[in-house]
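Read the structure below first, then the notes.
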Amino acid sequence: MSASCAWRARAFRHLATIADTCAVRTPFIRLVVVGLLAFSALPAAQAAAAGLDLPLLTPKPQPPAVAPIADPIRADPAAGIVKGTVVLIHAGGWAGHDASSTEKLIDTPGAVFLARGWRVVSIDYEEGTAGLQFVLNTVGEELARKTGDGPVCIYGESAGGHLALVAASRLRAIDCVITLGAPTDINLYEAEGSVSPDGRVRLVAYQASRFFGTTPEQIAPWNPVTLAPRIHADVMLMHESDDAIVPTSHTTSFHAARPTTQTSCSSPAIRWIRRRSSCTPRYPQPAEPSTLRRSVRSPPAR
C-alpha cells in the first residue's frame, strides 16, 4: 500500500473511532469527512485514467451467481422385473444447470417408463461440451449397477437429445437412444440459425458456435450426422412438425446418414411425449416405443 493510501486508511479509522465513542455529529466533523472523501477520490480517478488498480478504493464487480447442477433424480418401478434403465436428459440449449427441467422429465415421460417397468434417472449437467461427461458418467453408473441386467437407454429432448446421440457414438454399451426435437446437424443449424429472424434460434445457433466451434473440423466430434456411422444403438428420432426452434430437416438429415434410424412425427410411438403441438396425437393410453422393446429382446454385447 502506498504512503498516501495508508494515510487515508488511518484517517478513516480515526474518524470512525471518534464518531463511535464520542457520538460527535458536529457540522465541523461532517465537513472534514466530506473533504477527506473528496480528496481520496482524486487519486482513484487519476489511477483509473492511468490504468492502475487501487483495490481498496475501486472494488471489482462480482460475476453473476450460477445455479448449481441439480442432483440426479432416480426412481424404480413399484413392482415386477425391472426391464432396464432410461436416462433422461433435459433440453435448454446446452446451458445445463436446470433443476426444474430435471424434475419435469421424471413426471413426463418418466412416469410412463416407470409404469412400463423401467428404472428412470433424470440428470442435470454442466453447460457446453462438459455436459457430455455427466451423461457418460450416469450411464457408466447404471451399467455398473446392472439394473435387472437389462439394457441402458437414453431419452433426450432438444439439446439433451444431441448429447444422447453423441454419447451413443462414444459408448457402445448404450443400447438405444430416443430423442425429441434433437439438432443433429450442427453445421446446418449454425448456418441457418445465424440469419434466422427468430431471436431464439439465433441464440441457440450462437450457443452451438460457442461450445462446438464454427468450422467443420471443430464441429465434427460433436455433430451427430457425422458421428452417425459410429452409433451402434437402436435410434428413434421424434419431431414435432411445428417445432420453431429445431426444424424437421434435422431428423431427415440424420436418417439419410443412418438409414436404420426410426423416425416419427405422428406414429403411436409419440403417445407418451409431452403434448405440446398438433404433431402429437391424443391417445388415451401411452405406448412403449418399439426401440425400447427391441432393446429388451436383443441387447447388443457390452
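What follows draws every value from the coordinates through simple rules; no lab data is involved. Because the structure is predicted, anything quoted here is derived from the model rather than measured. Glycine also receives a Cβ, built like all others from the backbone with ideal geometry; neighbour counts cover every protein chain displayed.
Report ³J(HN,Hα) in whole Hz for each residue of the stretch 220-226, in order, from the Karplus equation J = 6.51 cos²θ - 1.76 cosθ + 1.60 where θ = phi - 60°; Gly and Pro get x.
Listing the rounded values in order: 3, x, 10, 9, x, 5, 6 Hz.
Out of residues 5 or more away from ILE154 or on other chains, whose amide H comes under 5 Å of its own, with H placed 1.01 Å from N in the peptide plane?
So ILE154 has HN proximity to VAL87, CYS176, VAL177, ILE178.
Between TYR206 and ALA99, what is the label-point separation in nm under the 7 Å Cα-to-beta-carbon projection?
In this crude spin-label approximation the distance works out to 2.7 nm.
For THR214 paired with ALA67, estimate the spin-label separation in nm (one decimal), with each label point 7 Å from Cα along the Cα-to-Cβ line.
3.0 nm
Can you figure out the FRET efficiency of SER194 with GLU126, using R₀ = 22 Å and their beta-carbon distance, to the nearest 0.05? If you can, show how the numbers build up before the last one.
Numbers: r = 25 Å, r/R0 = 1.12.
Efficiency at R0 = 22 Å is approximately 0.35.
Using Cα centres only, tell me the gap between the stretch 173-196 and the stretch 244-262 in whole Å.
8 Å
List every residue whose amide H lies under 5 Å from the amide H of THR263, counting only residues 5 or more places away in sequence or on a different chain, with H placed 1.01 Å from N in the peptide plane.
LEU237
Can you work out the Karplus-derived ³J(HN,Hα) for every residue in the stretch 247-258? Use 6.51 cos²θ - 1.76 cosθ + 1.60 with θ = phi - 60°, whole Hz, and x for glycine or proline.
x, 5, 4, 5, 5, 4, 5, 5, 4, 5, 7, 9
Between SER249 and ALA78, what FRET efficiency follows from the Cβ-Cβ distance if R0 is 25 Å, with the result rounded to 0.05? Mind showing how you got there, number by number?
Working: r = 41 Å, r/R0 = 1.64.
The formula returns an efficiency of 0.05 here.
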